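Encoded as structure tokens, the structure appears first; notes follow it.
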Amino acid sequence: MSDSNADAERNDSPATDNHPALLDCCGGLNNVDYSKMDLTLLEAFLKHIQVYDSRLCIAVIAILFNPLFWNVVARWEHRTRRLSGLFGSPYLACCCLGFVIILLNIYRSHSGASPVGLVLTAIVALAYKVAISFEGPFTEQIYRERSLRHKHE
């Protein structure tokens, strides 16, 4: 038997396998012993974040509210065209909505170069991932309707 065949047989033999068994994907995290985790880095990081700070709470609320707000308002405007009527033109309505969205984003830059800023950045990323999952199909619907209108013209 060649050396490579002997190596292959040794690697296939469970008695000589020194690697830990792989965790299955569905129940894998149930097998983790969290009591053995070293959390000193996380604890040091969290010491710099004051969870009950009112500015942090306002920032988190603004971050979570903002994509919800513009998605609801954009869908309402698309259906009713009431903002366009109120402001006299779709362009002016869009500019005013954009201005309101920018005002809501002022809190996003709160403590940007600190541990709080990192946490807020993660919250922003999560909020926008959720918003995109709702916004994508709506935007695709608008473009489908537009192309159908242009086909009939």
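Per-residue HN-Hα couplings for the range 62-73, Karplus 6.51 cos²θ - 1.76 cosθ + 1.60 at θ = phi - 60°, whole Hz, x for Gly and Pro?
4, 5, 6, 6, 4, x, 5, 4, 6, 5, 5, 5
When the solvent-accessible surface of protein heavy atoms is calculated with a 1.4 angstrom probe, in what order do R75, R149 fall, highest first?
Values: R75 75, R149 130 Å².
Most to least solvent-accessible, the answer reads R149, R75.
Can you sort Y52, Y91, Y34, Y128 by 1.4 Å-probe accessible area, starting with the largest? Working shown, then result.
Working: Y52 215, Y91 175, Y34 120, Y128 55 Å².
Ranked list, largest accessible area first: Y52, Y91, Y34, Y128.
For H78, H150, give the ranking by accessible area with the largest first, probe 1.4 Å.
Details: H78 45, H150 105 Å².
My answer, sorted largest first, is H150, H78.
The values are calculated or read from the model by the stated rules, or taken from the named source; none is laboratory data. All of these numbers come straight from a predicted model, not from anything done at the bench. Note: accessible area is taken over every heavy atom of the protein model, side chains too, but ligands, DNA and RNA are not part of it. Shrake-Rupley method; radii C 1.70, N 1.55, O 1.52, S 1.80 Å.
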